[in-house]
Amino acid sequence: MKSLKYIGHQLSLLIVSVFALSPFTYAQNSVFYVPEGDNSFHIQDVGLELNHLSFIKNNEYFNDISDGLTLLGSQVHPEFIYNPSNQAQFRSGLFLLKYFGEESLDKVIPTFSFKYVNEKHHFTIGNLYARDNHRLIEPLMGSEKLLSSEVLESGIAYQYTSRNVRSELWLDWENYIRKQDNEREVFTFGSVSRLALLDQLSFPIQFLMQHKGGQINNRYNSDTESSAGTQNAFNASLGIEYKFNTLRNDIVLSYYYLYHQAESNSPEYPFESGDAHYLTLDYKRKDLSFLLGYYRADQFVSIKGNEMFQTHSLKTNINHWNGVLDQTYAELTEPYRELVFTKLFYEKFLAPKVKLGFQWEGFLQLNDSDLSLGTVKSKKHQFDHSIGVYLIFNDVFNF
């Protein structure tokens, strides 16, 4: 009963927050994001849409929170389209993901969806291809999600768009279960909302809630079992953004207050509740963008955010010393995490529909590390960075 009340309370917050979002956002930019622009309804009857993304992202991280790793590969997603009217659309395709250096494909996923568009309303059921991360800020949803099969979501989405308002509400069903499965069902509710009172001033609201549970799977009495119990967690943020009027540049100052809450039986979250502050200054001129930001967290844990903004370690324990697994990072936390970060990216069309992008990110840690858990030294003033390059192609063909 407690879990039902918890879900009901968070859903009420979600529904309240969904009805306000302006068409413009800035602080969520990444070179890997692709703005949603749908011209597939312009084709007559039957057509094909092709999305291609090739990427390289090298994380030179030496902190205690996130692994340094390199992601490189390609995604190809062809979809056949049938438009029975100028408002309804059926899609069926195949999502392919291959990481460089491997002979086989990493993922092959059939895709199906139905879309309905009626003036200001846009409804989708089936696969959701969220190539802009639903415009969530980086601490709530990391851009690396787009470089994996997680970019392909499954569920229901609703969008409302007008001159000053754009709203999105979606359900992503992440893990389907059958009777006697040893895993739990997993799904995430999301809402991205913004109220634009003036051309320069807007108030964003963002929300994520994740549920793990199930009634037909195997459940155990032991809390150590992976299928035990129902777990719920949510993230929310309230923000304010101000755009400075200039002739040639876009300059946006943004501030977000973030909050999280998780049930006490969620082993992946070391803190039941916490909050954070996220401040950014974003400058854009033609094909060049630059972002400077400050982040301070007090026991804030994100469901899907960039690992660099977490307050607990997500590093893998893969090293052995004299045959014993190194558990240095198993329970390591940085409850009061503080960062200064920057992002620079450049995009250029090489040909119609073909775009090349470059991104560089830097993170300077301002907080001390917890040496009591066996870390070698404090990572205060540790500087980490990443470099990313991508090539993207998107076009719609009429048969």
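What follows draws every value from the coordinates through simple rules; no lab data is involved. Bear in mind the structure is a predicted one, so any value in this text is a computation, not a measurement. Positions of Cβ are generated from backbone atoms using ideal geometry, with glycine treated the same way; all protein chains shown enter the neighbour counts.
Between Glu272 and Arg163, what is the label-to-label distance in nm when each label sits 7 Å out along the Cα-to-Cβ direction?
4.9
In debye, nearest 20: dipole of the stretch 2-398 around its Cα centre with unit charges on the Cβ of K, R (+) and D, E (-)?
940
Using the beta-carbon distance between Leu72 and Leu364 and R0 = 25 Å, what value does 1/(1 + (r/R0)^6) give for FRET efficiency, to the nearest 0.05?
After rounding, the FRET efficiency stands at 0.45.
Which entries in Lys120/Lys212; Lys57/Lys348; Lys243/Lys353; Lys57/Lys107; Lys107/Lys145; Lys107/Lys355 show an alpha-carbon gap greater than 22 Å?
From the list (Lys120/Lys212; Lys57/Lys348; Lys243/Lys353; Lys57/Lys107; Lys107/Lys145; Lys107/Lys355), the Cα-Cα distance tops 22 Å for Lys120/Lys212; Lys243/Lys353; Lys107/Lys355.
Provide the gained length on full extension for the span Leu50 to Lys120, in nm with one decimal, where the gain is 0.36 nm per separating residue minus the Cα-Cα distance.
22.6 nm is the gain from fully extending Leu50 to Lys120.
Rounded to whole Å and sorted largest first, list the principal axis extents of the Cα atoms in the chain.
For the chain, the Cα spread along each principal axis is 65, 57, 49 Å.
So how much slack lies between Ile318 and Glu263, counting 0.36 nm per residue of separation and subtracting their Cα-Cα distance, in nm?
Value of the extension gain: 16.9 nm.
Taking the stretch 115-151, which GluC sites (Glu not before Pro) meet the DSSP loop condition and have no more than 16 other C-beta atoms within 10 Å?
Within the stretch 115-151, the qualifying GluC sites (Glu not before Pro) (loop, at most 16 other Cβ atoms within 10 Å) are Glu119.
Using alpha-carbon positions, what is the distance between the centroids of the stretch 140-202 and the stretch 86-122, in Å?
Between the Cα centre of the stretch 140-202 and that of the stretch 86-122, the gap is 16 Å.
Report, in whole Å, the centroid distance computed from the Cα atoms of the stretch 375-399 and the stretch 246-295.
Going from one Cα centre to the other spans 17 Å.
Which longest uninterrupted range of the chain lacks any trypsin sites (Lys or Arg not before Pro) assigned by DSSP to a loop state (not H, G, I, E or B) and surrounded by at most 14 other Cβ atoms within 10 Å?
It runs 1-119.
Of the candidates Asn83, Asn175, Asn306, which one comes out as most mobile in a Gaussian network treatment of the chain with C-alpha springs shorter than 10 Å?
Comparing Asn83, Asn175, Asn306 in a Gaussian network model of the chain, the most mobile one is Asn175.
Considering only Thr70, Thr333, Thr311, give the residue with the highest GNM mean-square fluctuation for the chain, with springs between Cα atoms whenever their separation is below 10 Å.
Taking springs between Cα atoms under 10 Å, the residue moving most is Thr70.
For the chain, set up a GNM with springs between Cα atoms under 10 Å and report which of Ile56, Ile177, Ile303 has the largest fluctuation.
In this elastic network of the chain, the residue with the biggest mean-square fluctuation among Ile56, Ile177, Ile303 is Ile177.
Name the residue from Val252, Thr70, Ser273 whose Cα lies farthest towards the positive end of the charge dipole of the chain, charges +1 on Cβ of Lys and Arg and -1 on Cβ of Asp and Glu.
Ranked along the dipole, the leading option is Val252.
Enter the Cα centre distance for the pair the stretch 331-361 and the stretch 42-72, rounded to the nearest angstrom.
12
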